[in-house]
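Below is one structure, written out as structure tokens; comments come after it.
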């Protein structure tokens with residue numbers, strides 16, 4: 001018996017730009033072509049973006065091969081859709097010299113990124129997020145993937161974009177509920193990382209709801225800075241990146257329990273308040289943060305209580321299935337104060353006794 | 001409009017061990033459990049390995065969740081199979097704390113590696129290659145993937161194993177044609193990298209064909225050293241790694257043209273001789289290397305001519321489809337002498353005029 005070792009070489013640090021503006025979509029294709037000379041482009045989008053005219057604005061009449069996910073939304077976030085996109089790229093005889101452009105919300109970005117990650121063992125991806133949730137969250141950080149028949153984002157890769165372009169004008173066509181629930185990720189960012197940003201949101205919430213592009217650009221900037229600083233520190237979610245899951249542990253369970261009848265942001269809103277109940281039970285709350293978070297979520301028209309038709313035991317079961325569960329016990333991200341996550345012994349997520357979890361969830365029911 | 005930059009952090013160099021022995025399979029499960037304490041294991045294998053008793057030898061009666069690819073072989077190397085494996089892992093409620101073990105030949109290793117790369121955005125994979133081709137080639141280097149409806153290895157990732165275990169005893173149950181054609185990769189390694197290894201193969205070819213385990217361990221060692229040194233230098237095939245594709249450009253086209261009626265090794269054998277014809281036409285041959293390569297391939301019972309039922313024009317079309325084609329023109333790896341690939345201006349693969357390609361292919365027909 002003998003043994004040899006094979007070296008896997010180091011990979012150098014690099015970085016990618018996020019460009020934020022209003023009405024920039026029509027110039028992006030030329031810009032991407034300049035960024036990637038001699039590359040073929042392939043656009044992944046969805047039927048809603050096509051209907052809203054955003055695909056036409058991006059291509060400007062140029063003939064760029066594309067795939068429009070139908071129906072739009074999480075229900076299409078499957079291996080079957082990813083495979084259909086990859087086969088479409090093959091049918092277009094695309095080679096390794098291809099850049100995938102993801103034009104759309106979280107589902108489009110996650111699938112486009114995944115397709116780019118596995119096409120010919122990896123080609124660059126450029127994200128053009130068009131929803132509040134994608135502009136705040138999913139377009140930054142390199143998480144890609146699809147859902148399994150049992151859980152969200154079960155299959156995927158870490159695959160970093162080569163560039164991200166945020167055009168706040170694309171938010172104008174977003175339906176109202178999608179628009180508002182996507183802003184929950186902005187509230188989350190402020191709650192975990194920046195009290196000043198939280199105050200800004202409170203002050204400007206009416207302008208935000210009117211979709212004022214100047215305010216939206218500022219919000220996009222804040223979100224990207226916060227998200228980027230967290231993922232830079234811990235790109236593959238070994239530790240600190242978990243703080244981005246604030247409100248998500250219970251949020252994901254609610255999302256699954258209501259069979260995706262509520263949007264992601266609505267469920268995270270419920271999850272943030274539920275985790276507040278835990279913080280309270282643990283004696284960690286000596287300020288008015290829960291009231292302030294609840295007030296802003298209500299201004300966004302978000303639910304803050306668990307719908308009464310969901311069953312307690314089903315929620316507890318789902319919590320044990322969570323992908324971030326380590327050794328099968330759910331861990332929670334807790335606030336120390338507004339803008340600051342509780343960290344103990346270098347850990348940013350904490351096991352909470354079943355009793356306190358159960359209490360907090362019971363208190364969160366409508 | 002404003003711009004920010006997000007850092008993608010560096011990744012440190014690391015290495016993985018390749019252990020070579022005979023009859024080591026029965027002890028591997030305990031060894032892998034020691035290497036990965038507290039992790040869940042999941043085995044990907046195929047029906048042939050199960051029938052040959054190798055899965056039972058590995059598990060030793062222990063209850064380890066597994067998936068046996070059916071039917072065995074390239075026909076099953078699809079997204080559908082990868083998805084079925086991933087869903088099976090979900091059904092077993094496996095988390096990120098899982099290690100995938102690939103027990104089998106190239107198809108098993110490529111799919112197992114791909115499943116590991118995308119399950120929960122990536123879990124470790126351990127390869128236990130059981131064929132001559134997998135032990136020589138596919139288990140080292142981190143290429144994973146599946147075929148599309150149009151081309152081989154169209155979708156996949158670079159995902160390095162955490163460990164590789166080669167048990168030459170598993171070769172005893174391999175059917176004769178598979179065994180012999182897998183050895184073509186060993187001939188290729190010797191031809192591109194080591195004249196001493198080539199002489200060793202010539203001298204010991206009868207022992208090799210008798211499946212002498214001592215010789216097989218030596219061959220495995222040689223193959224892994226050569227392959228490892230090449231992939232260490234160029235892990236993602238930007239340049240030098242292409243030398244491993246010696247004989248493969250035409251080989252892949254033949255494989256596709258005969259609709260996979262010939263095995264990979266048989267097609268590479270044909271491709272190596274065809275590329276020899278090119279070297280000759282280019283005036284690059286002033287030794288007896290083509291005769292020596294042909295002689296050893298014939299000892300292995302390999303074809304060295306293109307089957308007469310394949311059409312010239314179909315082959316030329318397929319060459320233009322090759323994944324490694326840059327700007328749609330096929331590039332070829334050429335020998336300078338036995339054990340040494342021709343390198344010019346730092347490039348290891350070269351464009352050859354259509355005329356010479358056509359001539360060489362015509363000469364290669366039966």
statement: Distances in nm between the label point of residue A:75 (7 Å along Cα→Cβ) and its equivalents in the other copies, shortest first, are 3.6
field: Rounded tilt (10° steps) of B:213-233 against the dominant C-alpha axis of chain B
entry: 80
C-alpha long axis of helix A:289-299 to longest principal axis of chain A, angle in °: 50
- prompt: Got the residue A:207 label distances to the other copies yet, label 7 Å along Cα→Cβ, in nm, shortest first?
  reply: 8.2
- prompt: What is the fewest-to-most order of B:246, B:179 by other Cβ atoms lying within 10 Å of their Cβ?
  reply: B:179, B:246
query: If the chain between residue B:207 and residue B:93 were fully stretched, how many nm would it gain, using 0.36 nm times the residue separation less the Cα-Cα distance?
result: 36.4 nm
- prompt: Is it possible to state the helix-based mean residue ellipticity at 222 nm for the protein assembly as shown, with each DSSP H run of 4+ residues giving -39500 (n - 2.57), the sum divided by total residues, to the nearest 500 deg cm²/dmol? What is it?
  reply: -13000 deg cm²/dmol
query: Would you list A:81, B:132 from fewest to most Cβ contacts within 10 Å?
result: A:81, B:132
task: Let me know the whole percent of all Cα-Cα pairs from the stretch A:227-277 that are separated by more than 17 Å.
output: 43
message: Mean-square fluctuation check for chain B, GNM, Cα pairs under 10 Å: which of B:89, B:312, B:277 is largest?
response: B:312
query: Taking neighbour counts of Cβ atoms within 10 Å as a proxy for exposure, in what order, fewest first, do B:332, B:114, B:158, A:5 appear?
result: A:5, B:158, B:332, B:114
field: 0 to 90° range, to nearest 10: angle between helix B:106-118 axis and chain B longest Cα axis
entry: 50
- line: Square roots of five times the C-alpha gyration tensor eigenvalues of chain B, ordered largest first and given in whole Å, equal 34, 25, 20
query: Looking only at B:11, B:313, B:185, which one moves most when chain B is put into a Gaussian network model with springs between Cα atoms under 10 Å?
result: B:11
message: For a quick check, take a GNM of chain A with Cα springs below 10 Å and name the residue from A:12, A:51, A:91 with the largest mean-square fluctuation.
response: A:12
- prompt: Hey, how many Å between the Cα centroid of the stretch B:177-202 and the Cα centroid of the stretch B:45-79?
  reply: 28
message: When 1/r is averaged over all different Cα pairs and the result inverted, which Kirkwood radius in Å belongs to the stretch A:239-364?
response: 14.5
task: In whole angstrom, note down how far apart the Cα centers of the stretch B:81-149 and the stretch B:205-247 are.
output: 21
- request: Taking the rotation that carries B onto A, look along its axis and tell me which residue of B has the beta carbon nearest to it, distance in whole angstrom.
  value: B:11, 2
query: Expressed in nm to one decimal, what extension gain is obtained for the pair residue A:345 and residue A:313 from 0.36 nm per residue of sequence separation less their Cα-Cα distance?
result: 8.3 nm
query: Kirkwood hydrodynamic radius (Cα pairs, Å) of the protein assembly as shown?
result: 27.5
statement: Shielding of B:146-156 by other chains, given as the mean Cβ count within 10 Å, works out to 5
- request: Put a label point 7 Å from Cα along the Cβ direction on residue A:314, then list its distances to the equivalent points in the other copies in nm, shortest first.
  value: 5.5
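Only the coordinates and a few stated rules stand behind these numbers; no lab work does. Bear in mind the structure is a predicted one, so any value in this text is a computation, not a measurement. With ideal geometry, Cβ positions are generated from the backbone for all residues, glycine too; neighbour counts draw on all protein chains shown.
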